[in-house]
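Scroll down for the structure; my scribbles are underneath it.
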Amino acid sequence: MSFARLGVGLFRSRRYATEVSLEQRPTDVNAALSRTSTLFKTYKPITPGIRHLRRPLNPHLYKGRPLRLLTVALRKKGGRNSKGRITVRSRGGGHRRRIRIVDFMRTEPGPHDVVRIEYDPNRSAHIALLKNRNPAVEGMKKWSYILACEGLRAGHVVESFRQGIPDGLVEGFVDSKKIRGKALVDDNDSVSANASLALGLLRARTIKPGNVLPLRLIPTGTIIHSVALNPEGRGILVRSAGSFGQVIVHEDNGRYTQVRLQSGEVRKVLQDCVATIGKVSNPLWKGRILGKAGRARWLGRRPHVRGVAMNAVDHPHGGGRGKSKSNKHPRSIWGWLTKGKRTRKPGPKGPKGSNKMVVRERPRGVEKRAR
């Protein structure tokens, strides 16, 4: 083969986007050297806007449109309230979006099949489209979106045990709120063999990524997300990409369970509240690089002006000659102290007993850096 023909072949095989196929299985040394390229997608810098562009590799995402039945139009406000005044700065513009109606309640029992994993422009995590196996249900109860946990793929089966464990699911186990996360004990306060076996079978049957259970039925050490604070409410804690909580301990009184949140805070949650097993999907979302200011505008983010670049009438850091904030402590545009100043009322300087549910506050300052 001539060098000219070989050069033509190399030129034709070149691609602008460099990504690793799933069939390639690098060795341990190559995997350590090419860790970044296997996790993110980079581009050949033929334009300045894609020179630093970096995106997580998600080949499992569905490339089509969302289910129209589960979407509504998003009407943008541009950061303005009902009086037309800007209350949130640096907002406006951006591409048109449709809100995906995500089911954070998970009240429908029974197995649900995962049809596909989709991208959601309104959140950092991915979402999963579920189909209810019950032939009697229709419409919104047959199809639903949920937060996709890490490792959830099309073809998997998830189930919600929000209403409790159905009778007969595990032989020898009866769901009772009197148990409250503790092992079944007999009259002699010793764990019987049948009870421990039934509890083990129950955990093997229910503790799976994407399943929803009350906290009293989740063993300690389990990774969870989408934690509810009201037994009848929806999951509101630990919902962003890559975040997770952990069940620390079930209190002996059978009322509360201590959960460590993503920030490091340990909080007491009622054992009747529910949580989803697993870690939230898309953990590489924080490592993405937009590459240019235009992509931020596509996302609805307008330029953010620094305080030292303003006039003295517009910001506490404004005015003066040169880049100077006049020896002032860092403040917001409204004069609030930043850089660690505690401004929340239910805290150490607020009313006593105003935050009884927090067992240990999140680490701050030196404690956070040592983490």
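Below are the figures for this structure:
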quantity	calculated
Selection status of residue 88, aliphatic (A, V, I, L, M), assigned to a loop (DSSP other than H, G, I, E, B) and farther than 27 Å from residue 213 by Cα	yes
Meets criteria (in a loop (DSSP other than H, G, I, E, B), at pLDDT 90 or above and surrounded by fewer than 19 Cβ atoms within 10 Å (Cβ to Cβ)) for residue 176	no
Pair list, Cβ under 6 Å, 6 or more apart: the stretch 96-124 residue more than 22 Å from residue 227 (Cβ to Cβ) and in contact (Cβ under 8 Å) with a residue 12 or more places away in the chain, other residue open to solvent by 30 Å² or more (accessible area, probe 1.4 Å) and of a type in the set (Lys, Arg)	111/133; 113/131; 115/131; 121/97
Residue identified as modelled with pLDDT of 95 or more and at negative phi among 82, 13, 37, 2	82
Whichever residue in the stretch 278-300 is part of a helix (DSSP H, G or I) and either touching a strand residue (DSSP E or B) at 6+ places or on another chain (Cβ under 6 Å) or aromatic (Phe, Trp, Tyr) (or both) and, among such residues, is least open to solvent (accessible area, probe 1.4 Å)	284
First in the stretch 230-255 and closer than 30 Å to residue 58 by Cβ and open to solvent by 40 Å² or more (accessible area, probe 1.4 Å), second anywhere and assigned to a strand (DSSP E or B) and modelled with pLDDT under 95, Cβ under 8 Å, 6 or more apart	none
Out of 158, 227, 170, sole residue that is touching a helix residue (DSSP H, G or I) at 6+ places or on another chain (Cβ under 9 Å), within 30 Å of residue 143 (Cα to Cα) and at pLDDT 95 or above	227
Test: residue in the stretch 103-110 that is crowded, with 19+ Cβ neighbours inside 10 Å and not charged (D, E, K, R)	no
Counted residues, the stretch 329-355 - those being exposed (fewer than 13 other Cβ atoms within 10 Å of the Cβ) and at pLDDT below 85	14
Complete set of residues in the stretch 44-72 that are in a strand (DSSP E or B) and either open to solvent by less than 50 Å² (accessible area, probe 1.4 Å) or of a type in the set (A, V, I, L, M) (or both)	56, 61, 71, 72
Every pair of residues 6+ apart whose Cβ atoms lie under 7 Å, when the first sits in the stretch 129-149 and is more than 18 Å from residue 275 (Cα to Cα) and at pLDDT 95 or above while the second is open to solvent by less than 40 Å² (accessible area, probe 1.4 Å) and of a type in the set (D, E, K, R)	129/118
Residues of the stretch 108-119 satisfying the condition of being modelled with pLDDT of 95 or more and assigned to a loop (DSSP other than H, G, I, E, B)	119
Output for the stretch 100-115, where each listed residue is aliphatic (A, V, I, L, M) and under 16 Å from residue 273 (Cα atoms)	105
Per-region count, the stretch 265-277, residues open to solvent by 10 Å² or more (accessible area, probe 1.4 Å) and assigned to a loop (DSSP other than H, G, I, E, B)	2
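The values are calculated or read from the model by the stated rules, or taken from the named source; none is laboratory data. It should be emphasised that the depicted structure is a prediction, and the values quoted were computed from it without experimental measurement. Positions of Cβ are backbone-derived with ideal geometry, glycine not excepted, and every protein chain shown enters the neighbour counts. SASA here: full protein model, heavy atoms, side chains in, ligands and nucleic acids out. Shrake-Rupley method; radii C 1.70, N 1.55, O 1.52, S 1.80 Å.
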